[in-house]
Amino acid sequence: MLNTKINKNKGITLIALVITIIVLLILAAVSIAMLTGENGILTQAQNAKKETSIAEEKEQIALAYNAVKAEEKGGAVTDDKLDKELEKDGADATEDGENIKVTFRESGREYIIDGNGNITEGTGTTPPTGDDNKATVGEIVQPGEGNKEYTSGEYTAIIPEGFMIVPGCEDISKGLVISDNPTDTEKDSSNITALGNQFVWIPVASEAEYIRNTSYASTNVSAKAYTDKEYLPDGIAPTIPADSELEIPEGKTKDEAIGLINEEAERDAVVGKGGFYISRYEAGNEGLDKLISKNGATVWVSKSQEEFKEIGKSFVDNNNVKSAMCSGIQWDMAMKFITENDEKYHVTTATSSWHTGSKVVASGQNKEDKACNIYDLESNSYEYVAEKNSYRTSTQFVYRGGSYRYSNPASYRYFSSGAASSGYSFRFVLYVM
C-alpha cells in the first residue's frame, strides 16, 4: 500500500492578508484620533497641564497677597509691596485702575486682583520675550506658552496657543497657514495633509491702511457701506452709549454711528497685533452645529446673517485668541494682500469657468480658486460679512465674492435681505489677543 503525503499550506491566504491590513489601518486611524484632535489624549494632557499651571500661579499670588496683608496688619495691599513679594515667583505686580495686575514673566499670563483680594484671569496673555517667544514651523504652540511670533521677510505674524505653522506654508507673503492639527503639512505637494482647522495671516501695517475700499463693485453699495454691530466677541466688543449719550455724526444714522464705534474697536484689535487671521475655507459645519474651517467640510448655509454673526463667535474664545464673522473691511484687507502678493489672481476680474455646478459643494474643492492660500473667494457660496449698506434700505445686508450661480469677482460687494439661503455662507476671522 502506498503512503501518500498531503502537503498542507501553512501560510496565510491573500484574503486573510487583506483583512489583516484593513484591521491594522482601522486600529491606526482610531489610535491617531485618540491621540490628536480637540478631544485627543495629547490635547487633553496639554489642557490639563495649562490648568495646573494656572492653579499654581493663582496659589502663588494668594500666598503673596496674604503675606503682604499680614505684614500690613490687615491694611491695604499695594502693588509695589506685592511686587516685591512676588519677585521670587518670577512675577510683576502693577497698578491697574483700582485693581492690581500680576504678570508672570515665564508664562506671560496676567491676573487681576480686586480690592477684596479676589483673583481672576486677565483679558490677555503677554508673550514671553527672547527666543522663547519665537514660533517654530511644524510645532504646536503649547498651552501656557503664550502666543508666539514668527517673522518671514518683511512681515511678522503672531502664532496663537494651540496652533502651528503648516510646513510648506510658512512664507507670509504667499499666505502663512496655521493649523490646530500637528499632522498637517504641505511640504510635499504630492502628499498634502489638511485635517485641522486652518487660517491665513493677513498682515496690516498701519491704522491708515485699515480702511474700506469703496471702489469694489458694486460701487453704489461700497460707497454706502458701513460696519455692522454685535458681531465682535467679548474682550473686543465696545460699550455702546445709551441713546441719550450717543453722538451721531452729521449725515449719519444711529446704526451708522454705532457701526463706527464697532469699526474703531475692530481696527484697534487688528492694528495692535499687526494683522488678523482669516479662515482658509468658507465656514463649515461639523455636526451638532460646530463651526470649523477645514478642507472638504460641509459649508454652513441656510442661516441668516444675524445668525451667522453669533455662530462666528463660537469657534474660539479665550485669553489668547477670539473668533468672529469677517467684516467688510477685513475682506477688503484680504483683497489688498492678495493684489500685492499674488500676480496670477485678479480680485476684480471674475473667471467664468470657476462658476459651475448647481449647488454649494464641500469647501476647498476648486483648486484654481485659491489666492495666497485662501480658498473659494470667487466660487462656491456667497459670503455674508459684518457689514450693511444705506444704498438699499430694504436690503441692507452685504455679502462678498462670487458663487456657483454667477460669475462675480472675489472683491464683489452687493446687497441682500440677510435671510437664510442655501447659496449663502460666511467666513470668519481670528483676533490675536
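Here are the numbers for this structure:
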item	result
Under 5 Å, built H, 5+ apart or other chain: amide partners of residue 149	134, 135, 159
Per-residue [θ]222 nm for the chain (sum of -39500 (n - 2.57) over DSSP H runs n ≥ 4, rounded to 500)	-8000 deg cm²/dmol
Simple label model, 7 Å out from Cα along Cβ direction - residue 106 to residue 66, nm	2.2
DSSP beta bridge pairing in the chain, given as percent antiparallel to the nearest 5	90
For region 42-125: rounded, prolate or oblate by the Cα gyration tensor [a/c cutoff 1.5]	prolate
Sites residue 247 and residue 215, calculated FRET efficiency, Cβ-Cβ separation with R0 41 Å, nearest 0.05	0.90
DSSP H segments from the chain that extend 30 Å or more along their own axis, Cα-based, with Kyte-Doolittle mean of 1.0 or above	14-35
Radius 11 Å from Cβ of residue 354, net charge of other residues (Lys, Arg +1; Asp, Glu -1)	-2
Alpha carbon centroid spacing (whole Å) that separates region 264-334 from region 360-408	14
Simple label model, 7 Å out from Cα along Cβ direction - residue 191 to residue 52, nm	3.5
Net charge contributed by nearby residues that have their C-beta within less than 15 Å of residue 207 (K/R +1, D/E -1)	-2
The chain: most fluctuating residue of 25, 176, 86 per GNM, C-alpha cutoff 10 Å	25
Length released on extending from residue 356 to residue 340, taking residue separation times 0.36 nm less the Cα-Cα span	3.0 nm
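Every read-out reported here was derived from the displayed coordinates using simple, explicitly stated rules and does not represent laboratory data. This is a predicted model, so every value here is computed, not measured. Cβ atoms come from the backbone with ideal geometry, glycine included; neighbour counts cover every protein chain shown.
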